[in-house]
Every structure is written in structure tokens, then in C-alpha cells.
Amino acid sequence: MLKKLLYRRTRRRTLAEADEAASEKLRARGVKVGKGCRIYTREFSTEPYLVELADGVAISQGAKFLTHDGAARLLRHRRPAVQHFGRIVVGTDTFIGENAIILPGTRIGAYCVIGAGAVVRGVIPDNSLVVGNPATIVGRASTYLERPNTSPRTLDTFGMEEPARRELILAQFAGEEKDAGT
């Protein structure tokens, strides 16, 4: 039992250290990163210094932050050096799903959930659930989070050793059909 407890503490510390290392790399590129962020993307455009992430932001892999509008090049016959930029600000404890695209000039409030693949622009109020392309506010993040909080598919497995984690997950799904087509 002591060995498992020590492993969990070590594992959590290792994850926290990895999160901080990723944040430090982004800070070195100019991204303003708050405390306790978990960031699995490095796609912060060519002007990363225009991106600000508050405390507790989580960003999935494949998410992209675009700080300039490449279509401005169509104006170059009139303005040869033209470029159009926009700051991106993400509020406290916001989650951004896999392959979401955050466009220039976007301000996402605190406690938001941005769905996978969403293309987000404009101002997103606090506690918004945002999905789609173009992204649309479809509800409140707090309401959305009640579903996994009370679901039997939500298990407390973070930090568990993999064999025990796998066993617990498979046991939870043991009664379900193996083939979704039957």
C-alpha cells in the first residue's frame, strides 16, 4: 500500500513538473501562461507573444492559436507589407478540446469548455460550452460538466498504476456489448 501511495505522489509530481516545463517553454516564446496549466500543443502561431492563458487552462493536442489573418495578403496589391493581427486571451480554468482553432482577436471567458474541432472567434462569455465550425455557444459549461460528474463511465483513475487502471476500466464496461453493431 505504501508503495502505491508513493507512486501516486511521484506520478503527480512528475506530471506537474512536465506541465511546468511545457509552460516554461511557451513562456520563453512569449506566451503568457498562468499557473497550473496543462498544455499539449505547441501551435501558438508566429506571434506567440499575442496569446495569454490564465491559471488552470487545459489545452488538448492539435489545438491551434492563430494570431494573424493570412487573408490580409490579398490586400498586398494596395499595401505591400500589410498584415492583420489579433490578441487571444483565454480565461481561468478553461478547457480547449483537440484540434480546436482559436482565431485572432478571440477572448474566451473563465470556466469554458471548447469542444474538439471548434473554430472559435469573437468574445465567449464565462461558463460557456462552445462547439462546431463556426463555433456556437450551445450551453453552460457547468451544466455540461454535471453529466460526467454523475456518470458511471466517470472513474477516479488519475494517477493509478496502469494495470490496476486498465482492470478497473474494463470491469466498468464488462456488461456492454463488444460489437456496437449488434
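Bear in mind that the values in this text are calculations on the coordinates, not laboratory data. Small disclaimer: the values here were computed from a predicted structure and weren't measured. Quick reminder, even Gly has a Cβ in these numbers, built from the backbone with ideal geometry, and neighbours come from all protein chains shown.
Annotations
- Cα point-scatterer Debye curve for the chain, base-10 log of I(q)/I(0) at q = 0.13 Å⁻¹: -0.80
- Under 13 Å from Lys25, Cα to Cα: aspartates and glutamates that are on another chain or at least 8 residues apart: Glu17, Glu43
- Taking the C-alpha atoms only, the angle from helix 141-150 to the longest principal axis of the chain is near 20 degrees.
- In summary, the stretch 91-172 shows an alpha-carbon radius of gyration equal to 1.32 times the 2.2 N^0.38 Å reference for compact globular proteins.
- Highest average packing first - 53-66, 161-174, 136-149, Cβ atoms within 10 Å: 53-66, 136-149, 161-174
- Principal-axis tilt of helix 2-29 within the chain, Cα atoms, nearest 10 degrees: 0
- Residues with amide H under 5 Å from that of Ser45, placed H, sequence gap 5 or more: Phe65
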